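Please read the structure below before turning to the comments.
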Amino acid sequence: MNPISLFKSVYSVGLLIFSIICIMALIAKRMTGLSSDTHPAVAYIAIWIAILWLTMVEGGQASLVGLAPVNPELYKDSHPIAYKCTKLAHKGDNLDRYLLGRQFMVVLVVFTVNISGGPKDADLWGFPGWMMNIFFDYGLAMILFTCMVGQLNTQVNASLCMLDYINSYFALFTLWVAMFIEFSGLLHSAYVVQLLVAKLAGSQIESNEPPRSVGANIFFWVRCLFSVAVLGFSFAVTLEALFNDKTTMWDGVPAWLAVIVFFILMSVVGMLEGMQIAFFAVAKIPASERGDSVWALKTCTLLYSGEGNNLPGFMVGRQLCVVSCMLFIARVTSVDVAADGSENIFGASNGFQELFNTGLLGAFITTIVASISWQLVASAFPMAFLNNPITYILLRWCLLLEATGICAGAWVIAAVHKSIAGFQRDEVYIGTAESRAKMDMSDHSTRINVGAGHPVKLPNFAETAPKSLQKLLQKDPSVGVYINSIAKAEEGDADA
């Protein structure tokens with residue numbers, strides 16, 4: 001490790017330790033939202049359960065998506081629980097369902113962390129005003145705690161040690177919860193957006209399952225209508241609370257400005273979510289096909305030039321930005337009304353007012369409007385994001401944040417966690433892709449996701465492949481025949 005990297009790691013870990021101590025002290029002094037309303041013990045339990053669950057939600061995604069092409073028989077005996085997880089997640093369209101439910105879990109957990117540890121009228125140990133503003137009012141302590149402990153370190157380990165990471169009943173339980181959230185229909189308005197985006201893009205949504213029956217179709221659309229209604233109601237309650245100063249927004253901020261901040265923050269989160277999809281969508285296509293606009297060229301040059309280190313650098317900075325915005329959104333949208341009936345929103349019962357106060361509605365809005373919808377748009381129109389000057393500005397900002405090394409402590413936590421848990425790289429158990437091919441256990445490339453969580457079968461690849469490959473298929477149809485033969489061979493077709 002060079003001196004600069006060492007310095008970044010040391011100061012980042014120092015900031016993290018300081019932030020955690022301050023957050024725990026604020027909870028003890030009843031200076032956070034949940035601890036002031038209930039008891040510090042409740043806030044302690046809630047924040048640590050939430051942050052630990054976030055580690056599995058983030059790490060589980062990397063593992064389940066990464067293991068999709070691998071033959072599960074290779075690790076059936078060595079990792080029996082991981083085998084159970086992948087058998088469920090990789091059946092039909094379950095991976096899509098998991099990713100949808102998991103997205104809501106991330107937002108909900110971040111909101112829970114904010115409610116439990118977010119400062120409320122904080123005044124700690126005589127710190128000067130500027131320090132209070134930076135670490136507490138602007139949320140730096142919460143951002144570092146959530147990013148490094150709950151997200152980045154788990155993504156580091158899970159990206160290399162997928163099998164060990166999900167070989168636990170905690171991972172299986174998290175998968176079940178995500179699947180249940182999707183099944184409930186609460187997030188089905190995302191499917192409505194998905195269908196609209198596909199129609200605008202002139203494409204069809206591929207599925208790994210047979211067409212739904214009439215009964216299943218009715219059940220699907222009933223849940224879609226239910227979800228759209230809940231989304232509309234959530235907006236109504238949140239905007240009503242914002243316009244009447246009934247949220248945890250900072251005192252002195254006028255209602256109209258709070259509403260503007262709310263929509264700006266959601267747009268920033270949406271852009272960052274969409275940029276991630278767009279950048280990966282164009283990463284492997286020729287530079288000549290990435291557009292000729294000034295902003296597309298500047299963005300791609302910055303991202304992919306040299307050894308391509310700016311792409312992972314963007315991912316780190318992006319995570320920091322997204323969490324920052326989500327914590328701000330949580331503060332802006334969390335309803336703060338005493339459930340005594342005197343000021344209940346829309347005259348709701350005390351029970352419903354307590355539900356509003358949990359921040360669940362804000363988390364739901366953020367999941368659909370600021371996250372999933374933008375991902376779907378970016379997967380269908382990646383070039384629209386590249387041609388946008390805001391994309392270039394946000395990319396620069398994310399790279400600047402990563403360059404500061406403020407989250408370098410995540411690598412230290414990951415190394416400690418890996419050592420304690422005894423994680424080993426997946427190659428130790430299942431070998432490399434080349435060695436698996438030699439054992440007649442080739443990866444199933446038909447399970448690789450193309451786009452934002454929409455598995456596409458190779459026989460349909462001519463319609464869904466990147467533009468460069470589509471042109472090649474049009475010029476030489478034998479390429480498509482060859483691709484189909486590979487797909488059939490991998491699926492065990494004797495006629496391939």
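The values are calculated or read from the model by the stated rules, or taken from the named source; none is laboratory data. This one's a predicted model, so the numbers in the text were calculated from it and none came from an experiment. Neighbour counts run over all protein chains shown; Cβ positions are idealised from the backbone, glycine included. The accessibility values were calculated without ligands, DNA or RNA, using every heavy atom of the protein model including side chains. Shrake-Rupley method; radii C 1.70, N 1.55, O 1.52, S 1.80 Å.
Scanning segment 382-402 for residues that are open to solvent by 30 Å² or more (accessible area, probe 1.4 Å), in a loop (DSSP other than H, G, I, E, B) and closer than 22 Å to residue 298 by Cβ turns up at least one hit.
For segment 4-32, filtered to residues that are over 25 Å from residue 412 (Cα atoms) and open to solvent by 20 Å² or more (accessible area, probe 1.4 Å), the residue that is farthest from the chain's Cα centre (by Cα) is 29.
Residue-wise test of (1) in a loop (DSSP other than H, G, I, E, B); (2) under 30 Å from residue 405 (Cα atoms); (3) open to solvent by less than 10 Å² (accessible area, probe 1.4 Å); (4) modelled with pLDDT of 75 or more.
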position	(1), (2), (3), (4)
321	no, yes, no, yes
326	no, yes, yes, yes
329	no, yes, yes, yes
332	no, yes, yes, yes
352	no, no, no, yes
364	no, no, yes, yes
374	no, yes, no, yes
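Under the condition of being over 29 Å from residue 421 (Cα atoms), open to solvent by 40 Å² or more (accessible area, probe 1.4 Å) and of a type outside the set (Ser, Thr, Tyr), the residues counted in segment 168-185 number 1. If you filter segment 242-288 down to residues that are at pLDDT 75 or above and either on the phi > 0 side of the Ramachandran plot or not in a helix (DSSP H, G or I) (or both), you find that the one that is least open to solvent (accessible area, probe 1.4 Å) is 247. Somewhere in segment 58-68, is a residue in contact (Cβ under 8 Å) with a residue 40 or more places away in the chain and of a type in the set (D, E, K, R)? There is at least one residue in segment 58-68 that is in contact (Cβ under 8 Å) with a residue 40 or more places away in the chain and of a type in the set (D, E, K, R).
Only one entry of 263, 243, 219, 233 meets the criterion of being under 22 Å from the mean Cα position of the chain (by Cα) and of a type in the set (A, V, I, L, M, F, W, C), and that entry is 263. Among the residues of segment 354-409, those identified as small (Gly, Ala, Ser) and either free of Cβ contacts under 8 Å to residues at least 24 places away in the same chain or farther than 23 Å from residue 336 by Cβ (or both) are 371, 373, 378, 379, 380, 384, 403, 405, 408, 409. Do we find a residue being at pLDDT below 85 and either surrounded by fewer than 22 Cβ atoms within 10 Å (Cβ to Cβ) or farther than 28 Å from residue 328 by Cβ (or both) anywhere in segment 38-51? There is at least one residue in segment 38-51 that is at pLDDT below 85 and either surrounded by fewer than 22 Cβ atoms within 10 Å (Cβ to Cβ) or farther than 28 Å from residue 328 by Cβ (or both).
Scoring residue 61 on the criteria (1) modelled with pLDDT of 90 or more; (2) within 24 Å of residue 178 (Cα to Cα); (3) open to solvent by 40 Å² or more (accessible area, probe 1.4 Å) leaves a single failure, condition (1).
Residue 207 meets the conditions (1) under 25 Å from residue 115 (Cβ atoms); (2) part of a loop (DSSP other than H, G, I, E, B); (3) within 24 Å of the chain's Cα centre (by Cα); (4) not acidic (Asp, Glu) in every case but one. The failed one is (1). If you go through segment 157-166 and keep only what is crowded, with 20+ Cβ neighbours inside 10 Å and either among the hydrophobic types (A, V, I, L, M, F, W, C) or modelled with pLDDT of 90 or more (or both), you end up with 158, 161, 162, 163, 166. Selection of segment 121-136 for residues being modelled with pLDDT of 75 or more, closer than 24 Å to residue 336 by Cβ, part of a loop (DSSP other than H, G, I, E, B) and open to solvent by 50 Å² or more (accessible area, probe 1.4 Å) yields only 123. Only one entry in 177, 230, 149, 222 is outside any loop (DSSP other than H, G, I, E, B), of a type in the set (Val, Ile, Thr), within 24 Å of residue 331 (Cα to Cα) and modelled with pLDDT of 90 or more, namely 230.
Of the residues making up segment 207-238, just one is farther than 20 Å from residue 105 by Cα, buried (at least 16 other Cβ atoms within 10 Å of the Cβ) and touching a helix residue (DSSP H, G or I) at 6+ places or on another chain (Cβ under 8 Å), namely 237. Taking the criterion of being open to solvent by 50 Å² or more (accessible area, probe 1.4 Å) and either polar (S, T, N, Q) or closer than 20 Å to residue 225 by Cα (or both), the residues of segment 186-204 that qualify are 195, 196, 199, 203, 204.
Residues in segment 110-120 that are surrounded by fewer than 23 Cβ atoms within 10 Å (Cβ to Cβ) and part of a helix (DSSP H, G or I): there are none.
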